[in-house]
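Colleague: So that we are looking at the same thing, I have put the structure below in C-alpha cells.
Bear in mind these aren't lab numbers, they're just calculated from the coordinates by the rules spelled out. A quick note: this is a predicted structure, and the numbers were derived from the prediction, not measured. Because the Cβ atoms are built from the backbone with ideal geometry, glycine has one as well, and the counts that use them run over all protein chains shown.
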Amino acid sequence: MITLTDLLEARARLRGVAVHTPLVRYFGSENNGANPGAEEFYFKAENLQPIGSFKLRGAYNKVSSLTAEERARGVITYSSGNHAQGVAYAARALGVHAVIVMPGSAPKVKLDATAALGAEIVTVGSGSEERRDKALELAHAHGYVVIPPYDDLHIIAGQGTAGLEILEDLPDVELVLVPVGGGGLSSGIAAALKLSSSRARVIGVEPALANDAQQSLRQGHIVRIEATNAASTVADGLRTQSIGENNFEHLTKYLDGVVAVSEDEIFQAMRQIITGARLMAEPSGAVTMAAWMFHRTELPASRKTVAIISGGNADPHQVAELLEGR
C-alpha cells in the first residue's frame, strides 16, 4: 500500500513535468432537475496534460524511479493508448529507450502520438491480457524493465498526485468522481484523499460493458471479464479485463463505491462536456460526467463535486460524428 510520503515524493518528482491541472467550474443546466445553485460542480481537467491525459503522472514517477542500470536496459509497457504516450514521453525526457505493446485497434490518434514521441510500437490483438503477455515475453527476451499501466505502487502514487491537487484547490470537496479502468487513477486519488484526512467520498465510474471493478468490489475478489466484453465499450481507455492486485487492495480500503454507465450515457456526457464546458474529453474521460448526469440517485449527496476528465485524446472523426448527432 502507498503512504502519504509516497504521494509527496511523487509530487516532487513530477514538479515541472506534469501540469497542475485546473478545476474548471461547470455552470451547465444538465443536472437532472437539481437546483444548479445548490451545489458546485467542477471538472479536474487532466486532458490538459502535455500528453492529453493523467497517465503522464504515473509513468514519469515510475520511470524516474529506476536505477541507471535499469534505464540503460530500456523499458516496455502495454497500453491501449494513454499510458503508452505517458511512458513514451517519460522515456524520451529521461533518455530511455521505450517499447510499447498496443492493440492494433487503438485509436489512430493515440498510435500516431505514441510513435511521434519516439517509442518503438508492437501491435497485437484487442485483449488487455494479450498485450501484457506480449510485453512480458519481449521483456524476458531483451531485458527490458516492465512499466505496468496500473498495478504498481509508483504508478498509483504518481496518479494520486491529482488527488493532492484537488485538495489544494478545493479543500472542502465532498465528492470526487473518477474513471476506473485497471484502477491506477482511482486507487491513487482515493488513497490521496483518505490519507490526507479528507472527508470527501470517492466514487469510481466505469462502462457497464466492462464493469469488472464493480463486480470485483461487490464479490470481494478480483473478477476477470472476457476480452470481447471489455473491447465492446467505446471507452477504449477503460477496456481492462480486470483490475490489478495492488489496485484491488487500495480500492477495497479507500473507494466508496462504483457506478456503471451505458454507452449512450457516455456519448451524451462527452457531447455535453465539449459543447457545455468547452473542454475536449475522450469517452473514457466522460464517464464521470455520465454518472453525474444520469445516476445522481446512486451518488452520495454533495455540495461540492469534482469529476475527473482523465483524458482528451478523442478520435477526431468520432467527435465530428458525435457533434453532428450521428
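Colleague: Write out the trypsin sites (Lys or Arg not before Pro) in segment 52-130 meeting two conditions: DSSP loop, and at most 14 other Cβ atoms within 10 Å of their Cβ.
Modeller: Details: sites: LYS55, ARG57, LYS62, ARG71, ARG73, ARG92, LYS108, LYS110; in loops: none.
Loop-located and lightly packed - none at all.
Colleague: Quick check on the chain: of the DSSP beta bridges with both residues there, what percent are antiparallel, nearest 5%?
Modeller: Values: 4 of 33 bridges.
Given both bridge residues lie in the chain, the antiparallel proportion sits at roughly 10 percent.
Colleague: OK, next. Apply the Karplus curve 6.51 cos²θ - 1.76 cosθ + 1.60, θ = phi - 60°, to the phi angles in segment 124-134 and return the couplings in whole Hz, x for Gly and Pro.
Modeller: 9, x, 7, x, 5, 6, 5, 4, 4, 4, 5
Colleague: Spelling out what I want: for every residue of segment 276-282, take phi, set θ = phi - 60°, compute 6.51 cos²θ - 1.76 cosθ + 1.60 (Karplus), and round to whole Hz; glycine and proline get x.
Modeller: Per-residue couplings from phi come out as x, 9, 6, 10, 8, 9, 7 Hz.
Colleague: Around GLY74, which amide H atoms from residues at least 5 apart in sequence, or from another chain, sit under 5 Å from its own amide H, with H modelled in the peptide plane?
Modeller: For GLY74, the qualifying residues are HIS97, VAL145.
Colleague: Give me a comma-separated list of calculated 3J(HN,Hα) values for segment 167-173, in order, Karplus coefficients 6.51, -1.76, 1.60 applied at θ = phi - 60°, integers in Hz, x for any Gly or Pro.
Modeller: 5, 5, 8, 9, x, 9, 4
Colleague: Can I ask one more? Based on the Cα gyration tensor of the chain, what are the three equivalent ellipsoid semi-axes, each the root of five times an eigenvalue, rounded to whole Å and given largest first? Could the numbers behind the result be given before it?
Modeller: Values: eigenvalues 167, 93, 69 Å².
Here the semi-axes work out to 29, 22, 19 Å.
Colleague: Place a +1 charge on the Cβ of each Lys and Arg in the chain and a -1 charge on the Cβ of each Asp and Glu, then give the dipole magnitude about the Cα centre in debye, rounded to the nearest 20. Don't jump to the answer; show the numbers that get you there.
Modeller: Values: 29 positive and 36 negative charges, 116 e Å.
My answer is approximately 560 debye.
Colleague: So, one more: At 222 nm, what value in deg cm²/dmol follows for the chain if DSSP H runs of at least 4 each add -39500 (n - 2.57) and the sum is divided by all its residues, to the nearest 500? Write out the running numbers ahead of the final one.
Modeller: Details: 14 runs with 145 residues, N = 326.
It comes out at -13000 deg cm²/dmol, rounded to the nearest 500.
Colleague: Counting only residues 5 or more places away or on other chains, whose amide H sits under 5 Å from the amide H of PHE41 once H atoms are built in the peptide plane?
Modeller: TYR26, THR305
Colleague: Under the rule of at least 5 residues apart or a separate chain, name every residue whose amide H is placed under 5 Å from the amide H of VAL124.
Modeller: Placed amide hydrogens put MET102, GLY104 under 5 Å from VAL124.
Colleague: Once you have the Kirkwood Rh of segment 212-259 from its Cα pairs, apply Stokes-Einstein at 20 °C and 1.002 mPa s and quote D in µm²/s.
Modeller: Working: Rh = 11.1 Å.
Result for D is 192 µm²/s.
Colleague: Here's another thing I want to ask about it. What is the Cα radius of gyration of segment 261-306 over 2.2 N^0.38 Å, N being its residue count? Don't skip to the end; give the middle numbers.
Modeller: Values: Rg = 10.5 Å, N = 46, 2.2 N^0.38 = 9.4 Å.
Against the compact-globule rule of thumb, the ratio is 1.11.
Colleague: State, to one decimal in nm², a quarter of the convex hull surface area for the C-alpha atoms of segment 55-146, i.e. the direction-averaged projected area. Intermediate results must be reported in sequence, preceding the final value.
Modeller: Working: hull surface 20.1 nm².
If I average the Cα hull's projected area over directions, I get 5.0 nm².
Colleague: Mind pulling up the Rg/Rh value for segment 103-250? Radius of gyration and Kirkwood radius, both on Cα. Don't jump to the answer; show the numbers that get you there.
Modeller: On the way: Rg = 16.4 Å, Rh = 16.5 Å.
Ratio value, two decimals: 0.99.
Colleague: Oh, and also: Mind running the shape call on segment 1-118? Use the C-alpha gyration tensor, a ≥ b ≥ c as the square roots of the eigenvalues: rounded below 1.5 for a/c, prolate if a/b tops b/c, oblate otherwise. Before the final figure, lay out each step's value.
Modeller: On the way: a/c = 2.90, a/b = 1.64, b/c = 1.77.
Judged from the Cα gyration tensor, segment 1-118 comes out oblate (a/c at least 1.5, b/c at or above a/b).
Colleague: Further question on the same structure: With 10 angstrom as the radius, rank GLU265, GLU226, GLU324, GLU129 by how many other C-beta atoms surround their C-beta, starting from the fewest.
Modeller: With the fewest neighbours first, GLU265, GLU226, GLU324, GLU129 line up as GLU324, GLU226, GLU129, GLU265.
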